[in-house]
1. Sorted by accessible area (1.4 Å probe), largest first, how do Phe305, Phe17 line up?
2. Hey, if you put +1 on the Cβ of every Lys and Arg and -1 on every Asp and Glu Cβ in the chain, which of Ala258, Leu34, Met124 ends up farthest toward the positive end of that dipole?
3. Take the eigenvalues of the Cα gyration tensor for the chain, scale each by 5, and report the square roots as semi-axes in whole Å, largest first.
4. At a probe radius of 1.4 Å, what is the per-residue accessible area of Ile307, in Å² to the nearest 10?
5. Using +1 at the Cβ of each Lys and Arg and -1 at the Cβ of each Asp and Glu in the chain, identify which of Ala163, Ile25, Gly221 lies farthest towards the dipole's positive end.
6. Can you give the longest run of the chain that contains no GluC sites (Glu not before Pro) sitting in a DSSP loop with at most 16 other Cβ atoms inside 10 Å?
7. Express in Å², to the nearest 10, the accessible area of Lys227 obtained by rolling a 1.4 Å probe over the protein heavy atoms while all chains stay in place.
8. Keeping all protein chains in place and using 1.4 angstrom, which order do Arg82, Arg226 fall into by accessible surface area, from largest down?
Amino acid sequence: MKPFAYDRATHPSDIAFADAGAAIIAGGTNLLDLMKLEVMTPDRLFDINRMDLSSIQQTENGGLKVETLVTNSDLAADMRVRQHWPVLSRALLAGASGQLRNKATTGGNLLQRTRCHYFYDTAMPCNKREPGSGCGAMGGVNRINAVLGTSDKCIATHPSDMAVALRALGATVEVRKKSGAVQSLPLGTLYVLPGDTPERETVLEAGDLITAVCLPPPVKGRQIYRKVRDRASYAFALVSVAAVVEVVDGKIARADLAFGGLAPVPWRDGAVEELLIGNAPSTSLFDAAADQLLRTAKGHGGNDFKIPLARRTLKAVLEEATR
Ligand SMILES: Cc1cc2nc3c(=O)[nH]c(=O)nc-3n(C[C@H](O)[C@H](O)[C@H](O)COP(=O)(O)OP(=O)(O)OC[C@H]3O[C@@H](n4cnc5c(N)ncnc54)[C@H](O)[C@@H]3O)c2cc1C
Ligand code: SF4
């Protein structure tokens, strides 16, 4: 591990001193692994664990504000979340292990880095880790890589389960900018697709601090999180679907759907939702929704199986949600 300076930040304004070479550390469950492997080599760490950002509060509109240091365990166990946003609780419990969830934080979970094998191996080319070095996963071992939203520079997936549920729920992320201004970003606009610059994963800049995630008020409908993975626990998603689906008078009235394991960002496709809404549930409708979702999907050999797997998983979730 490369030497680094360590600062204990006690107030969000302390982070404003962070420059491009610095990193924020929360639970450390991803960052420390990356530092040990010298994939990330910050020259300075800002430890935010002493900040007063660990509460979950009801908002005036009936939503929930989850501060950044709330652990994945505490968020999953919160009775309000379990009752009104169960898809979030289930997604959290489908991730990592009990010990990891006790340390992992809300902000850190959103900003965890990809699990692409080549990103973690500094002997291999990786445009995300070292821009311009090439992409080892293209033509390499890419079973876990993405089939949607990729570029010719990078086919990594975003690994978070929690972010997929938050995307389906229409959550927003509160960011304290380096300037001190507070911004509220829909989760879908926090992340950026790899394009020509896969090293850039979000719109955040050095010195920006995620302070909270806000859930909108609960909505009617059935909530499901289905995660398909190689082991029953302690494995990242090959494909996951977060769904909030409501049927009224035999027709689909709401179909908020987000997908994990398929793309470099938690994926949501408005065209799939439009296709479903207003129609009676049926196998042919669900097939059409899968066609729509996967219309631009592109496999890279080892991950070709994800395309039919995503179809089957989406259809199974829709069948369960509309039963
Ligand atoms: C063996 C293993 C299995 C796992 N399995 C899963 C799984 O199945 N599903 C899943 O979703 N996850 C899984 N994880 C990942 C785990 O969920 C993440 O490591 C964890 O959520 C990261 O949170 P953290 O607080 O530890 O982040 P850290 O490691 O502290 O930080 C992660 C990143 O976020 C940045 N950061 C942290 N907080 C802030 C903030 N407030 N503002 C700005 N930047 C910030 C850091 O600078 C760093 O770049 C697994 C991890 C391991 C080690
Ligand atoms: S897919 Fe992205 S993260 Fe993986 S090797 Fe290629 S550039 Fe690196």
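The values are calculated or read from the model by the stated rules, or taken from the named source; none is laboratory data. Note that the structure is predicted; figures quoted are calculated from it, not measured. Cβ sites come from the backbone with ideal geometry, for glycine too, and all protein chains shown count toward neighbours. Note: areas computed on protein heavy atoms with side chains; ligands, DNA, RNA excluded. Shrake-Rupley method; radii C 1.70, N 1.55, O 1.52, S 1.80 Å.
1. Result, largest first: Phe17, Phe305.
2. Ala258
3. In descending order, the three semi-axes are 32, 25, 16 Å.
4. So the heavy atoms of Ile307 present about 50 Å² to solvent.
5. Selected residue: Gly221.
6. 61-198
7. Lys227 has an accessible surface of roughly 30 Å² with all protein chains in place.
8. Arg82, Arg226
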